[in-house]
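The values are calculated or read from the model by the stated rules, or taken from the named source; none is laboratory data. Just so it is clear, the structure is predicted and the values come from calculations on it, not from any experiment. Here the Cβ is made from the backbone with ideal geometry for all residues, glycine too, and neighbour counts use every protein chain on show.
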């Protein structure tokens, strides 16, 4: 991912300025704080397992998985309010060179509804395209209306696939998709 395009600043629906940039090794403590501040419901929507009050060791392990994405496998971004992480987005290929990547976007509960998720998603799409990723996909719970709203507002071509009882949302981010969305 080219460093020349980062960081990006945008104005949220609340009028505040937020910054999106690639996640780095110096974000460990900020990510631990971010994950600890997610509500149990938001953690469940993101990780698909109940994590009511995770211990610091579990948060540290999870943060390591977020930060340690090799560039050939994917991208990890954070949204910041001043120096505090309020959202994160990532995509990871199952194998190096794959044109598809599993994606996730999560925004801290007290910052939801401000347009941060949409901006993170659009930034993730841009970064993924730069890495030759053409399809982003995510497994979501049927009641997670936040992700459907975010995709609709981002005007991205979306396909819903039922995969072994789960809902898999696929977003075509290839060049032709960019022309259709524009």
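Report every pair of residues separated by at least 6 positions or lying on different chains whose Cβ atoms are under 9 Å apart, first residue within the range 12-36 and more than 22 Å from residue 122 (Cα to Cα), second at pLDDT 90 or above and exposed (fewer than 15 other Cβ atoms within 10 Å of the Cβ).
30/83; 30/84; 33/84
Name the single residue that is surrounded by the most Cβ atoms within 10 Å (Cβ to Cβ) among those in the range 55-72 being under 11 Å from residue 92 (Cβ atoms) and modelled with pLDDT under 70.
The residue in question is 66.
Within the range 133-165, can you find the residues that are loosely packed, with under 12 Cβ neighbours inside 10 Å and at positive phi?
Once the filter is applied, which keeps residues that are loosely packed, with under 12 Cβ neighbours inside 10 Å and at positive phi, the range 133-165 yields 164, 165.
Does residue 173 satisfy being surrounded by 14 or more Cβ atoms within 10 Å (Cβ to Cβ), over 15 Å from the mean Cα position of the chain (by Cα) and without any contact (Cβ under 8 Å) to a residue 60 or more places away in the chain?
So residue 173 fails the test.
Sort through 31, 23, 1 and tell me the only one that's surrounded by 17 or more Cβ atoms within 10 Å (Cβ to Cβ) and at pLDDT below 90.
31
Taking the condition at pLDDT below 85 and crowded, with 18+ Cβ neighbours inside 10 Å, does residue 50 pass? Walk me through it before giving the result.
Values: at pLDDT below 85: yes; crowded, with 18+ Cβ neighbours inside 10 Å: no.
For residue 50, the condition - at pLDDT below 85 and crowded, with 18+ Cβ neighbours inside 10 Å - is not met.
Suppose we keep only residues that are touching a helix residue (DSSP H, G or I) at 6+ places or on another chain (Cβ under 6 Å) and over 25 Å from residue 16 (Cα atoms) within the range 73-100. Which one would you say is surrounded by the most Cβ atoms within 10 Å (Cβ to Cβ)?
Filtering the range 73-100 for residues that are touching a helix residue (DSSP H, G or I) at 6+ places or on another chain (Cβ under 6 Å) and over 25 Å from residue 16 (Cα atoms), the one surrounded by the most Cβ atoms within 10 Å (Cβ to Cβ) comes out as 91.
Only residues in the range 120-149 that are closer than 21 Å to residue 40 by Cα count as the first member; pair them with residues that are modelled with pLDDT of 95 or more and surrounded by fewer than 17 Cβ atoms within 10 Å (Cβ to Cβ), Cβ under 9 angstrom, at least 6 apart or cross-chain, and list the lot.
Correct list of pairs: empty, since none qualify.
Just name the residue that is nearest to residue 10 (Cα to Cα) out of those in the range 136-169 that are in a strand (DSSP E or B) and under 14 Å from the mean Cα position of the chain (by Cα).
136
Looking for something at pLDDT below 95, assigned to a strand (DSSP E or B) and in contact with a helix residue (DSSP H, G or I) (Cβ under 6 Å, 6 or more places away or on another chain) - is there at least one such residue anywhere in the range 108-123?
no
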